[in-house]
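Just below is one structure, and these are the notes that go with it.
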Amino acid sequence: RYKKRQVACRGDIDRLNNPFLEIYESLIPAEEEKAKQKQLLTLLEKIVCKEWPDARLCLYGSCGNSFGFSKSDIDVCLTIGDEDINKSEVLLKLADMLQLDNLQNVQALTRARVPIVKLMDPSTGISCDICINNVLAVVNTKLLRDYAEIDLRLRQLAFIVKHWAKTRGVNETYQGTLSSYAYVLMCIHFLQQRRPAILPCLQEMKTTYSVTVDNVECSYFDQVESLIGFGSRNRESIAQLVWAFFSYWAYFHNYANDVISVRTGTILSKRTKDWTKRIGNDRHLICIEDPFEISHDLGRVVDKSSIRVLREEFERAAEIMQDDPNPCVKLFEPY
Ligand code: GTP
Ligand code: MG
């Protein structure tokens, strides 16, 4: 059903760099927005410390991993040392305190998969979700941010891919398509696989950073300042990379057998992961290994009908990149 095509890069590909860079520039948040996020975090810290003096607040998700768009909500993790706290109680207490401090739309969602408190800060206009002790998310946020320091093309590519996924409606995990986190991992893996490589595999290098979270050891090389320039032998432009990324997912990825793995910087087989059978709702139709929770497939949300949607969208994007005189218009056309 899916097309296999041997594609060659179009001759005028570099003419497309500027339009892509303009889109990237238009999506990155301004410095004043970052300042407002900090301001809100400081306010929240003050409130939280009244009740839990040892607690800490960390940004995670797109506002902390450097892949956040302008005007996006922020995700905050409250870490309380005590392991056996009752999360629902803490969230309800927190919600009361936030309300007393005049934050708006305060809502505790204690039964969600990741229980949170939602709020809106009227002085900055920023909305925020606060979760508790989600330390793995804080650590994988740091990993993504560290990768982004090494080569600017990662941030450019991931912004374009996320923007495409959002406008095309394939960034909705509740509808069986992929999370932003999954798309960023796909971009990192793709750049690890270019020849010459544009990104290294930080988890295969000497450990300079290590934490153990919920019995998962998270360690990797985090002195990324020393890796700036790592990918400079590869001169591919952003337009070439966007084209090659979509071609890979449209025509070359082996959906039947392969698992992409940022942890190893390679492709693993579904067989070695034991991801060949459907267990419960996990179907493994597109396999993206979480870098730390290695039994976790970020493609698990994808089902029989949404895999078709995704693959058709990859093909559509690859075809536009191949033939369209103005790909930036059509690529981001709302579906
Ligand atoms: P946008 O809000 O779309 O800009 O992106 P985001 O980077 O905030 O991504 P997303 O909402 O997908 O995820 C938020 C954070 O949750 C990620 O950065 C990860 O740190 C963490 N996370 C850990 N495991 C998962 C998972 O299985 N799915 C998702 N969605 N997030 C995870
Ligand atoms: Mg988010």
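Contact map, the range 70-82: residues that are on the phi > 0 side of the Ramachandran plot and at pLDDT 95 or above paired with residues that are open to solvent by 40 Å² or more (accessible area, probe 1.4 Å) and more than 10 Å from ligand 1 (Cβ to nearest atom), Cβ distance under 8 Å, separation 6+ or inter-chain. No pairs are found.
Which of the residues spanning the range 142-161 are open to solvent by less than 10 Å² (accessible area, probe 1.4 Å) and in contact (Cβ under 8 Å) with a residue 60 or more places away in the chain? Matches in the range 142-161: 143, 144, 147, 150, 157, 158, 159, 160, 161. Scanning the range 186-234 for residues that are more than 23 Å from residue 133 (Cα to Cα), in contact with a strand residue (DSSP E or B) (Cβ under 7 Å, 6 or more places away or on another chain) and not in a loop (DSSP other than H, G, I, E, B) yields 186, 189, 202, 203. Within the span defined as the range 90-111, every residue fails to be surrounded by 22 or more Cβ atoms within 10 Å (Cβ to Cβ) and either assigned by TED's automatic domain parsing to the domain that holds residue 159 or within 15 Å of ligand 2 (Cβ to nearest atom) (or both). Residue 46 satisfies every condition listed in (1) within 16 Å of ligand 2 (Cβ to nearest atom); (2) free of Cβ contacts under 8 Å to residues at least 12 places away in the same chain except (1).
Scanning the range 55-78 for residues being more than 14 Å from ligand 2 (Cβ to nearest atom) and surrounded by fewer than 16 Cβ atoms within 10 Å (Cβ to Cβ) gives a total of 1. The set of residues from the range 125-142 being more than 22 Å from residue 87 (Cβ to Cβ) and either more than 16 Å from ligand 2 (Cβ to nearest atom) or of a type in the set (Asp, Glu) (or both) comprises just one member, 125.
With the structure loaded, tell me whether residue 292 is of a type in the set (Phe, Trp, Tyr), under 21 Å from the mean Cα position of the chain (by Cα), open to solvent by less than 20 Å² (accessible area, probe 1.4 Å) and farther than 30 Å from residue 214 by Cα or whether it fails that test. So residue 292 fails the test. Screening the range 247-261 for residues that are under 21 Å from the mean Cα position of the chain (by Cα) and among the polar types (S, T, N, Q) and picking the one that is farthest from residue 11 (Cα to Cα) gives 261. With respect to residue 178, is the statement that it is of a type outside the set (Lys, Arg) and either under 17 Å from residue 300 (Cβ atoms) or in a loop (DSSP other than H, G, I, E, B) (or both) true? For residue 178, the condition - of a type outside the set (Lys, Arg) and either under 17 Å from residue 300 (Cβ atoms) or in a loop (DSSP other than H, G, I, E, B) (or both) - is met. Note on the range 304-335: residues that are in contact with a Leu (Cβ under 8 Å, 6 or more places away or on another chain) and under 19 Å from residue 258 (Cβ atoms) total 3.
Select, from 95, 137, 158, 108, the only residue that is among the small types (Gly, Ala, Ser), under 16 Å from residue 78 (Cα atoms) and within 10 Å of ligand 1 (Cβ to nearest atom). It is 137.
Annotation note: Cβ proximity below 7 Å between a residue of the range 217-246 that is closer than 19 Å to residue 9 by Cα and a residue that is open to solvent by 30 Å² or more (accessible area, probe 1.4 Å) and charged (D, E, K, R) (sequence gap 6+ or interchain) occurs for 234/194; 236/194; 237/14; 238/153; 239/14; 241/153. Only one of the numbered conditions (1) at pLDDT 95 or above; (2) within 16 Å of ligand 2 (Cβ to nearest atom); (3) not hydrophobic (A, V, I, L, M, F, W, C) is not met by residue 19, and that is (2).
Does residue 306 count as open to solvent by 20 Å² or more (accessible area, probe 1.4 Å) and among the polar types (S, T, N, Q)? Against the criterion (open to solvent by 20 Å² or more (accessible area, probe 1.4 Å) and among the polar types (S, T, N, Q)), residue 306 does not qualify.
For the structure I just gave you, tell me whether residue 231 is of a type in the set (Gly, Ala, Ser) and either open to solvent by 30 Å² or more (accessible area, probe 1.4 Å) or within 27 Å of residue 209 (Cα to Cα) (or both). So residue 231 fits the description; yes. When the range 250-267 is filtered for residues that are open to solvent by 40 Å² or more (accessible area, probe 1.4 Å) and in contact with a Ser or Thr (Cβ under 8 Å, 6 or more places away or on another chain), the ones remaining, listed by number, are 257, 267. Within the range 165-188, not a single residue is touching a Phe, Trp or Tyr at 6+ places or on another chain (Cβ under 8 Å), surrounded by 19 or more Cβ atoms within 10 Å (Cβ to Cβ) and among the aromatic types (Phe, Trp, Tyr). The criterion of being part of a loop (DSSP other than H, G, I, E, B) and at pLDDT 95 or above does not hold for residue 308.
The values are calculated or read from the model by the stated rules, or taken from the named source; none is laboratory data. As the structure is a prediction and not an experimental result, all values here were calculated from the model. Neighbour counts are summed over all protein chains in view; Cβ atoms, including those assigned to glycine, are modelled from backbone coordinates with ideal geometry. Ligands, DNA and RNA are excluded from the accessible area calculation, which covers all protein heavy atoms including side chains. Shrake-Rupley method; radii C 1.70, N 1.55, O 1.52, S 1.80 Å.
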